[in-house]
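The values are calculated or read from the model by the stated rules, or taken from the named source; none is laboratory data. Predicted model, so just to flag it, every value in this text is computed and none were measured. When we count neighbours, we look across all protein chains shown, and the Cβ atoms used for this are built from the backbone with ideal geometry, even at glycine. The protein model used for the area step is the full one, side chains on, heavy atoms only, and it has no ligands, DNA or RNA in it. Shrake-Rupley method; radii C 1.70, N 1.55, O 1.52, S 1.80 Å.
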Amino acid sequence: MLRTLPAILILCAAGLAHSAVEIRLWHGMSGAPGTELDRLIARYNASQKDYRVVSYFQGPYDEVMAHDIELRKGTRRSPHIVQVQDAGTADMMRSSFARPLWQLMQESRRKLDAKYLPAVAAYFSDAEGRLLALPFTGATPVLYYNRDAFRAAKLDPGAAPQTWYEMPKTLAALVESGQSCALTTAWQSWVLVENMSAWHNQRFATQGNGMASGAAGSGARLAFNTRLMVRWISVLASWHKAGYFTYSGRKDEAEARFASGECAMLTSSSAAYAQLRKRAGFDFAVAQLPYYDDFDHAPQNTLVGGSALWALAGKSAAQNRGVASFFAYLARPQVQAEWHQRTGDLPLTTAAYELTRKQGFYHRHPGQEIAVRQLLAQPTEDSGGIRLGGLRHIRGIIDEELESVWNGKKAPLDALNAAVRRGNLLLEGGR
């Protein structure tokens, strides 16, 4: 036994030396997306032996934020990667525990085999065009419409309105045919205000919507009470009174009303397509988000909503190399394309988009390409994204003020001015 003990110790030491480095990922994906994430991680783990990614569901990803990370920082179970909603980008940039992606990849001597779509890259990059986090899930607003309802209203089921000026005639025909809800929207702040501003190349906030600020939106102030937005919210208010537009709630409540056939048209996230297809018992299609064609630069590009994976600081060199290895794997065109096709999220890289086209996916699912096309234009200062601290709370303020318009308590201009004023107080720290 004495003679065999050194050999046993050597074998144990060798086993420890070659054990995989654990990389912990905190995320907010449940249901089918969570299952796909687990599947993707299992494939990565099987592709190499040096690292082992383990995922932990932490609740909705807009809650996987700084205070949660701070509580667990330095503990044995603290994460190496966190999934954070796009609205939390400025907050992560200001934090002391986020590690810039470009720096992590450079120090780990890894490269991302990816060129991200212009609107995607612009949002998650610094002023020098270097990625701060890995874009992971993505969506943008589109128009869904019920083709059966169009047929019943004697409308062309293959042609949804392309401009908002064409919309009233369509809405009137739907209502006259007996449709109780002609048009509704989900995520009203994101769709009706943020994206409508970018789509028409109109500013949402100063300093390039906070993107041009060197301190993650510090100093930027809201400025979306523009001529466009006053006109747009006034039009929607008139449609609401006429029964053409129906308010359904702040989140995705409108999607259920569309899927049930109650509402004939819906503006919502492109990521809703897969679930709507499963739930709707009728023929529906996807169309480009309408725009006002009397604005010179419209349509420009819509915004990317979704999440990114952030690497955390304070980890060992081996752990950082593991994070970089996993990120490089996620950026592969084949991985990106498969994730897009299986989840309904946008293909975030040009290579994944081209590969998906070559595979004939868009021929079978033409609606899935419309959202991508809305993001292909090179973003401008006013359409590259919105990077403001506390953006989730600002959206809540906008929701409240829009609701005051729908219920007739405020005029559109007054509500928009109030939203800007209240939001700016928040940005100023309550002063």
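Given the Cα atoms of the stretch 295-431, and with Rh set as the inverse mean 1/r over their pairs in the Kirkwood sense, what is Rg to Rh to two decimals?
Numbers: Rg = 20.4 Å, Rh = 18.8 Å.
My calculation of the ratio gives 1.08.
Candidates 210, 139, 244 compared by Cα position along the dipole of the stretch 136-277: farthest toward the positive end lies 210, with charges placed on Cβ. Near the amide H of residue 264, within less than 5 Å, lie the amide hydrogens of 181, 182, 183, all on another chain or at least 5 residues away, with H placed in the peptide plane.
Taking the charge dipole of the chain about its Cα centre, with +1 at Lys and Arg Cβ atoms and -1 at Asp and Glu Cβ atoms, the residue from 78, 200, 385 reaching farthest to the positive side is 78. Beta bridges from DSSP with both residues in the chain: antiparallel share about 60 percent, rounded to the nearest 5. Using a cutoff of 8 angstrom between alpha carbon atoms and counting only pairs six or more residues apart, the relative contact order for the stretch 330-426 works out to 16 percent.
Find out how many positive minus negative residues lie around residue 255, taking Lys and Arg as positive, Asp and Glu as negative, among other residues whose Cβ is under 15 Å from that of residue 255. Don't skip to the answer; put the middle values down first.
On the way: positive: 250, 251, 257, 277, 278, 279; negative: 252, 253, 262.
Combined, the nearby Lys, Arg, Asp and Glu give +3.
Go ahead and estimate [θ] at 222 nm for the chain from helices alone: -39,500 (n - 2.57) per DSSP H run with n ≥ 4, summed, over the residue count, rounded to 500. Show your work: numbers first, answer last.
Values: 20 runs with 187 residues, N = 431.
That calculation yields -12500 deg cm²/dmol at 222 nm.
Taking all protein chains together and rolling a 1.4 Å probe, residue 353 ends up with roughly 20 Å² accessible.
Classify the stretch 258-322 as rounded, prolate or oblate from the Cα gyration tensor: take a ≥ b ≥ c as the square roots of its eigenvalues, call it rounded if a/c is under 1.5, otherwise prolate when a/b beats b/c and oblate if not. Before the final figure, lay out each step's value.
Values: a/c = 4.82, a/b = 1.68, b/c = 2.86.
Since a/c reaches 1.5 but b/c is at least a/b, the shape of the stretch 258-322 is classed as oblate.
Centroid-to-centroid, using Cα positions, the stretch 80-99 and the stretch 371-431 are 21 Å apart.
Normalising by residue count, the stretch 100-140 has a Cα convex hull of 71 Å³ per residue. For the chain, a crude dipole built from +1 on the beta carbon of Lys and Arg and -1 on the beta carbon of Asp and Glu, taken about the Cα centre, is about 1280 debye to the nearest 20. Using the Kirkwood radius over C-alpha pairs as Rh, can you work out the diffusion coefficient of the stretch 127-210 via Stokes-Einstein at 10 °C, viscosity 1.306 mPa s, in µm² per second? The diffusion coefficient I find is 101 µm²/s.
When nucleic acids and ligands are ignored and a 1.4 Å probe is applied, residue 81 ends up with an accessible area of around 0 Å².
Enumerate the helices in the chain for which the Kyte-Doolittle hydropathy averages -1.0 or more and the C-alpha atoms extend at least 24 Å along the helix's axis, using complete DSSP H runs. Before the final figure, lay out the partial values.
On the way: long enough: 31-47 (25 Å, -0.42).
In the chain, the long hydrophobic H runs are 31-47.
Taking the Cα centroid of the stretch 149-178 and of the stretch 330-345, what is the distance between the two, rounded to the nearest whole Å? About 35 Å separates the Cα centre of the stretch 149-178 from the one of the stretch 330-345.
For residue 234, neighbours were defined as the other residues whose beta-carbon sits under 13 Å from its Cβ, and their charges (Lys and Arg +1, Asp and Glu -1) total +3.
May I ask for log10 I(q)/I(0) of the stretch 233-364 at q = 0.12, 0.20 Å⁻¹, from a Debye sum over the Cα atoms as equal point scatterers with solvent left out? The Debye formula, applied to the Cα set alone, gives -0.71, -1.28.
Would you rank 426, 355 by solvent-accessible area, highest first, keeping every protein chain in place and using a 1.4 Å probe?
Details: 426 75, 355 50 Å².
Highest to lowest solvent-accessible surface, that is 426, 355.
The heavy atoms of residue 132 offer some 20 square angstrom of accessible surface to a 1.4 angstrom probe. Compactness of the stretch 315-365, taken as the C-alpha radius of gyration over 2.2 N^0.38 Å, stands at 1.40.
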